[in-house]
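We did not get these values from a lab; they are worked out from the coordinates using the rules stated. As the structure is a computational prediction, the values presented were derived from the model and not from experiment. Don't worry about glycine lacking a Cβ; one is built from the backbone with ideal geometry, like all the others, and counts go over all protein chains shown.
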Amino acid sequence: MRKASRQKDADWALEVFDRAPYVTVSMTRPDGTPYGLPLSLARDGRLTFYFHCAGEGEKLDCLAVNPVVSLSAVSKCSPRYEEEKNNFTEYYHSAVALGTAAIVTDDAEKIHALSLICRRFLPRYLDHFDEAIARSLPRTTIVRITLTEPAVGKSKP
């Protein structure tokens, strides 16, 4: 595949992540079993995603042992029966990516990540952002996921 084509495919896949209401982040538990859950991620540029969570819990236990994660998202899902073909099918847009997760410790980066998350999910309430940051930043954990391979997507329009 040509480089320009791979770039276009990666761009399209990133747009799927941006449109998806949540992204499933899959990781590995300390005992080696899989653990995946839907999270509200916000993207920063081509390689970085952020999510926030409490300062303890199973996600952080998993990432402490193995920071490698897989992301998957579906931004369109339309099951259909095509009468003329007597066919059951589903139209979809999906994307996957691999990355490495790390806990963000720098306050400026944490604020930047939280701003991206708020702008994506609650842009109407940004006038309350500074007050919320002042109140909760010290107890908020931010995880940065850096893609280690280009995102890829599939679709059946």
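Pairs of Cα atoms under 8 Å, at least six residues apart: use those to get the relative contact order of the chain, whole percent. About 30 percent, as a whole number. Taking the Cα atoms only, what angle lies between the long axis of helix 107-121 and the longest principal axis of the chain, rounded to 10 degrees? On a 0 to 90 degree scale, this one is about 40. Hydrodynamic radius of the chain by the Kirkwood approach over all distinct alpha-carbon pairs: 17.0 Å. Its Cα centre serving as origin, the stretch 1-85 has a Cβ charge dipole (Lys and Arg +1, Asp and Glu -1) of approximately 440 debye.
Put simply, the Cα atoms of the stretch 96-157 extend 43, 29, 14 Å along their principal axes, the longest span coming first. For the chain, the longest principal axis of the C-alpha atoms and the axis of helix 3-19 are separated by about 70°. Residue separation times 0.36 nm, minus the C-alpha to C-alpha distance between residue 83 and residue 125: what's the value? Roughly 10.6 nm would be gained on extension.
Eight or more residues apart or on different chains, and alpha-carbon atoms under 26 Å: count the Lys pairs in the stretch 3-156 matching that. Qualifying lysine pairs in the stretch 3-156: 11. Here the extension length gained between residue 64 and residue 48 equals 3.9 nm, from 0.36 nm per residue of separation less the Cα-Cα distance.
How about the stretch 48-157: which GluC sites (Glu not before Pro) there lie in a loop by DSSP and see at most 10 other Cβ atoms within 10 Å?
Numbers: sites: 56, 58, 82, 83, 84, 90, 109, 131; in loops: 56.
Within the stretch 48-157, the qualifying GluC sites (Glu not before Pro) (loop, at most 10 other Cβ atoms within 10 Å) are 56.
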